[in-house]
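A quick write-up on the structure given underneath.
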Amino acid sequence: MSGRPMGRPVDTTLEARFLQATVELISTHGYRAVSMAAIAKHVGASTASLYRRWPSKRDLVLAAARTFSPVNDDDGSDLGDTGSLVGDLTAEIECLQELMAQVGPVILGLLAEAQHDPELLGVLDEVLLQPTRDVLAEIIDRAVTRGELAGADQPQADALADMVLGGCLLHRATSLSPRAPRPARQWALGLAGTLTVTSGAATQGAPSTATSTVD
């Protein structure tokens with residue numbers, strides 16, 4: 001008897017391809033228009049192989065949503081520490097703008113669906129909203145440590161996250177076709193100036209982010 005294994009070799013890339021196809025098709029056609037059969041066809045695989053991994057379209061979409069990342073580094077370890085408030089904000093805004101360029105329509109579609117699906121809303125909060133809040137809270141903490149801000153609290157960090165993420169989503173939602181986002185550094189300068197005012201005057205002798213100029 002031959003020692004060759006029976007059956008078709010396992011495709012170790014299939015799961016990632018299914019998730020990518022899900023993102024691509026929802027981006028193009030919208031959540032409701034995309035079926036499991038269409039996703040399988042797009043990948044060139046059987047629907048049975050898709051259902052073996054995810055028993056429903058909702059489970060598949062939840063898995064695809066978990067692939068989104070709004071942090072600057074692949075492991076999220078240093079959260080883009082650039083050495084300044086404006087630099088940190090610029091790096092995070094650019095990261096979110098890149099995310100919107102890649103999967104903005106998917107995120108917008110899922111946010112609409114999530115209004116009627118608490119579990120999906122929870123996933124989006126876990127993979128997108130809360131990580132963004134955490135990144136911006138750490139950016140503010142570093143600015144306070146450097147003396148760029150006199151102080152800040154968690155509600156202020158949450159409000160900043162809403163402004164940044166909301167602004168990126170609004171820009172993508174109102175774009176009939178992809179267009180260049182607002183310059184991240186100019187946006188960061190405005191946000192830094194607002195933070196300086198709302199958190200109190202910067203520590204004596206520290207550079208003012210509100211009067212910085214664009215490079």
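Computed from the coordinates by the stated procedures, all read-outs in this text should not be read as laboratory data. Here the structure is a predicted model, which is why all the values come from computation and not from measurement. No Cβ is skipped: glycine too gets one built from the backbone with ideal geometry, and neighbour counts run over all protein chains shown.
For region 101-189, a crude dipole built from +1 on the beta carbon of Lys and Arg and -1 on the beta carbon of Asp and Glu, taken about the Cα centre, is about 660 debye to the nearest 20. What number comes out for the charge environment of residue 58, summing +1 per Lys or Arg and -1 per Asp or Glu over other residues with Cβ under 11 Å away? Local charge sum for residue 58: -3. In terms of the mean number of neighbouring beta-carbon atoms within 10 Å, the peptides 43-56, 15-28 order highest first as 15-28, 43-56.
Between the amide H of residue 45 and any residue lying 5 or more places away or on another chain, no distance stays under 5 Å, with hydrogens modeled in the peptide plane. For residue 115, neighbours were defined as the other residues whose beta-carbon sits under 14 Å from its Cβ, and their charges (Lys and Arg +1, Asp and Glu -1) total -3.
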